[in-house]
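All remarks here apply to the structure that follows.
The values are calculated or read from the model by the stated rules, or taken from the named source; none is laboratory data. Just so it is clear, the model here is predicted, and its values are computed rather than measured. Cβ coordinates were reconstructed from backbone atoms using ideal geometry, including for glycine residues, and neighbour counts include every protein chain displayed. With ligands, DNA and RNA removed, areas are computed over all heavy atoms of the protein, side chains included. Shrake-Rupley method; radii C 1.70, N 1.55, O 1.52, S 1.80 Å.
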Amino acid sequence: MIFGWWATDGRPPTWHLPDDPPTGEDWSELRSTVLRFRGHPQETTENSVDIEHLGYTHGYYDVLPVGSTLVEGPYLRSCFDFKNVRRIAGPVNVVVEVSAITHVHGLGYSLVEFHEKTIGMDSRLWVLATPVDGTLVEVVLVSQVREIRKPGRFFAGLRFLPVAMRHRVMNRIVLSEERRFVLQDVVIWERKKYQAPPRLSQADGPVGRYRQYSRQFYPELESERRPTLRAI
Ligand SMILES: [Fe+2]
């Protein structure tokens, strides 16, 4: 992946992206897919702290935040557990129990590390958002899956594959699923409107803190009251 810095006033970068996470032969190659829709990087990245929407929009359940949201300058980390029912490489619907850690470095770069507890599958998802023209946003999803040695009875369709093939096949499935989830979000994002001041409720959890965090990426507006995005 190659990243570039661009600022409207030509100022130099004010923060840097992290090093790539460690990888090796036990990790699949990177796969990517691109979506373009009406939206904004601040909205797409807000998903990393919007725990409530995981149930309503994506059908996850038993969603629990783990610890509190960490903010250190341009870095934000959010951790949560959830369960979901998925049909993965076989005819049986399976319950997956997942721990997720989201690393946000500015509004255009998020890396989510997933650990599926039942079979011990690790995967990564980068969510990379770029504003296009003030109305559209382009989101690149990039995924990577670690070798799965014990697919278990849930992964009947993968058991017949050599070990070295399983995580590559799984990576295709993971990316396809994540694309489907983002398209569920797009239905909401495309209908959002500005509302100032925003009306946040307690159920929104750390969304307000995330919006405070986001202000640093609008240096030209820091001294002004800036309307915040809200779904209707
Ligand atoms: Fe979402």
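Counting residues in the range 146-162 that are assigned to a strand (DSSP E or B) and either modelled with pLDDT under 95 or under 24 Å from residue 57 (Cα atoms) (or both) gives one or more.
Residues that are open to solvent by less than 10 Å² (accessible area, probe 1.4 Å) and either assigned to a loop (DSSP other than H, G, I, E, B) or on the phi > 0 side of the Ramachandran plot (or both) within the range 98-137 comprise just one, 106. For the range 82-97, the candidate set comprises residues that are part of a strand (DSSP E or B) and open to solvent by 40 Å² or more (accessible area, probe 1.4 Å); within that set, the residue that is modelled with the lowest pLDDT is 87.
Residues of the range 184-217 being open to solvent by 50 Å² or more (accessible area, probe 1.4 Å), in a helix (DSSP H, G or I), basic (Lys, Arg) and in contact (Cβ under 8 Å) with a residue 12 or more places away in the chain, which ones? Of everything in the range 184-217, just one residue is open to solvent by 50 Å² or more (accessible area, probe 1.4 Å), in a helix (DSSP H, G or I), basic (Lys, Arg) and in contact (Cβ under 8 Å) with a residue 12 or more places away in the chain, namely 209.
In the range 19-43, the residue that is surrounded by the most Cβ atoms within 10 Å (Cβ to Cβ) out of those that are closer than 17 Å to residue 143 by Cα and within 16 Å of the ligand (Cβ to nearest atom) is 35. Filtering the range 175-192 to residues that are more than 11 Å from the ligand (Cβ to nearest atom) and touching a Leu at 6+ places or on another chain (Cβ under 9 Å) leaves 175, 179, 192. Scanning the range 53-78 for residues that are touching a strand residue (DSSP E or B) at 6+ places or on another chain (Cβ under 8 Å), at pLDDT below 95 and within 14 Å of the ligand (Cβ to nearest atom) returns 54, 55, 58, 59, 60, 63.
How about the range 50-88: which of its residues are among the hydrophobic types (A, V, I, L, M, F, W, C), under 18 Å from residue 115 (Cα atoms) and touching a residue at least 60 places away in the same chain (Cβ under 8 Å)? Let's see the steps before the verdict.
In the first step, residues of the range 50-88 are kept if they are among the hydrophobic types (A, V, I, L, M, F, W, C); the result is 51, 54, 63-64, 66, 70-71, 76, 79-80, 82, 85, 88.
Now narrow it down to the ones that are under 18 Å from residue 115 (Cα atoms): 51, 54, 63-64, 66, 79-80, 82, 85, 88.
Hits for the range 50-88 are 51, 88.
Among the residues of the range 193-223, write down those that are among the acidic types (Asp, Glu) and more than 16 Å from the ligand (Cβ to nearest atom).
Filtering the range 193-223 down to residues among the acidic types (Asp, Glu) leaves 204, 220, 222.
Correct list: 220, 222.
Taking the criterion of being under 22 Å from residue 128 (Cβ atoms), open to solvent by less than 40 Å² (accessible area, probe 1.4 Å) and aliphatic (A, V, I, L, M), the residues of the range 52-81 that qualify are 54, 76.
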